[in-house]
Amino acid sequence: MSVVHFIDEGSIVLTQFLTNIPNIDETIKIKGRKGKVLSIKEVEENHFHVLVSLDKHLKNQILEKDSKKKKR
């Protein structure tokens, strides 16, 4: 078992205690977002940093408000 930190753009997205470490170019899904493993760095014997590239999560934009006043 090893500790795996998933890192995206310099920030840790997820830390897991895993038996199988993901491979480079493997497609993964973290917190509902799809991504790809870029590289793997072994820090200690059972401690890994996995650099990932997650797809951008776009929030729904608020629709423009009507400038017309409501009639009563």
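Sort out which residues of the range 47-64 are of a type in the set (Asp, Glu) and at pLDDT 80 or above, and write them in order of number. Within the range 47-64, just 55 meets the criteria.
Scanning the range 29-46 for residues that are more than 9 Å from the chain's Cα centre (by Cα) and hydrophobic (A, V, I, L, M, F, W, C) yields 37, 38, 40, 43. The listed residues are 21, 7, and the only one of them that is part of a loop (DSSP other than H, G, I, E, B), open to solvent by less than 60 Å² (accessible area, probe 1.4 Å) and modelled with pLDDT of 90 or more turns out to be 21. Restricting attention to the range 24-33, the residues being surrounded by 11 or more Cβ atoms within 10 Å (Cβ to Cβ) and either under 15 Å from residue 56 (Cβ atoms) or modelled with pLDDT of 95 or more (or both) number 2.
The values are calculated or read from the model by the stated rules, or taken from the named source; none is laboratory data. The structure displayed is predicted, hence computed values, not measured ones. With ideal geometry, Cβ positions are generated from the backbone for all residues, glycine too; neighbour counts draw on all protein chains shown. Keep in mind that these areas ignore ligands, DNA and RNA; they rest on the heavy atoms of the full protein, side chains included. Shrake-Rupley method; radii C 1.70, N 1.55, O 1.52, S 1.80 Å.
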